[in-house]
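Here, each number is a calculation from the coordinates, and none is a lab measurement. As the structure is a prediction and not an experimental result, all values here were calculated from the model. All Cβ positions, glycine included, derive from the backbone under ideal geometry; neighbour counts span all protein chains shown.
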Amino acid sequence: MMMMDMFNMIFGVLILIIGVLIGVAFLVLLERKVLGYIQIRKGPNKVGFMGLLQPFSNAIKLFTKEQVYLNYSNYIFYYFSPVLSFMLSLMIWMVIPYYFNLITFNLGVLFFLCCMSLGVYTVMIAGWSSNTNYSLLGGLRAVAQTISYEVSLILIMMSSIILILDFNLMKFMDYQILVWFLFMMFPLSLSFLSSLMAEVNRTPFDFAEGESELVSGFNIEYSSGGFALIFLAEYSSILFMSLLFILMYMGGYNLSLFFYFKLAMLSFLFIWVRGTLPRYRYDKLMYLCWKSYLPISLNYLLFFIGLKMMMN
């Protein structure tokens, strides 16, 4: 029986990984289509019906290209940091609250924070190991940005956790049956959403890849498979962050059509923001975190602690 349970668990994880990869492929297609229509053009529409096979042809092209070997790079770190980044972005998905299968996390929020914090190292190592000034600058900026926004992100999450007194993401659904946390803590949820955008280096916070000043940031020296893995890691993180926002603020986890509609709409929001907002200035980004989000999240945290103590 134990062997069967183990087999079911491994099979469930494999299905999850395949589902995430297919979701990422079509999220990339959605982004290119939406950006195309925002900029009054078509987007990819040649490969397959309405461009549906475009993500797969891109993947084949990237993984069959020649790998560039840099003479002056710290080769092992340079080679393995995209792989580690991709593995971490897939590991985060294990905290999805399952109704079935053996994987269930009572400390899901802590596991998510651990994986997210480790992601900083992969960016830093990718920037440093390429041994290029541009990539090192991009890596340093990405690390400073990610670490800064993690602080406010954790404090904002703590406010919700203090309300439900549990680290299990499944519990958020039980407490949002009557009213979503989005309405209960509206300013906090907006801060959380923009912190998520900064966390995954998305426009208007994509300073790690500021083309105008850094060419392409920490991933400038990566091509073919390495670049594809960094790319996949970023987009799977976008999908997961959308899911996390829905779990914590928009009704929790339930396997209904409406749940998937919310997930699609929030992923679309990430793309919509990219198509409409200009890039922030870097010092303004840091001020926004340390002078706006941090005080707001701390005040809310103290307020919810007081509220919980009064209720008890």
How high is the FRET efficiency from K308 to N133, r the C-beta distance, R0 35 Å, rounded to 0.05? 0.10
Cα long-axis angle, helix 224-249 against the chain (0 to 90 degrees, to the nearest 10): 20
Provide the gained length on full extension for the span T64 to F49, in nm with one decimal, where the gain is 0.36 nm per separating residue minus the Cα-Cα distance. 3.0 nm
Along the charge dipole of the range 106-208, which of L188, Y134, Q145 sits closest to the positive end, that is, farthest toward it, with unit charges on the beta carbon of Lys, Arg, Asp and Glu (+1, +1, -1, -1)? Y134
Suppose only helical runs count, i.e. DSSP H with n ≥ 4. What mean residue ellipticity at 222 nm does that imply for the chain under -39500 (n - 2.57) per run, divided by all residues and rounded to the nearest 500 deg cm²/dmol? -23000 deg cm²/dmol
In whole percent, what relative contact order does the chain give with Cα contacts below 8 Å and a gap of six or more residues? 24
Dipole magnitude of the range 61-311, debye to nearest 20 (Cβ charges: Lys/Arg +1, Asp/Glu -1, about Cα centre): 340
If you rank D5, D166, D206 by fewest surrounding Cβ atoms within 10 Å, what's the result? D5, D166, D206
For q = 0.11 Å⁻¹, Debye-computed log10 I/I(0) when each Cα of the chain counts as one equal scatterer: -0.74
Taking 0.36 nm per residue of separation between I147 and S256 and subtracting their Cα-Cα distance, the length gained on full extension comes to 35.8 nm
If you stretched the chain out fully between L35 and K291, how much longer would it get, using 0.36 nm times the residue separation minus the C-alpha to C-alpha distance? 88.9 nm
Sorted from largest down, give the three principal axis spans of the alpha carbons of the range 33-191, whole angstrom values. 55, 43, 36
Going fewest to most other Cβ atoms within 10 Å around each Cβ, T276, T122 line up as T276, T122
Of the candidates Q54, M248, P44, the farthest towards the positive dipole end of the chain (Lys/Arg Cβ +1, Asp/Glu Cβ -1, centred on the Cα centre) is P44
Fewest to most Cβ atoms within 10 Å: C289, C115 sort as C115, C289
Identify which of I18, I161, I238 has the largest mean-square fluctuation in a Gaussian network model of the chain, with springs joining Cα atoms closer than 10 Å. I18
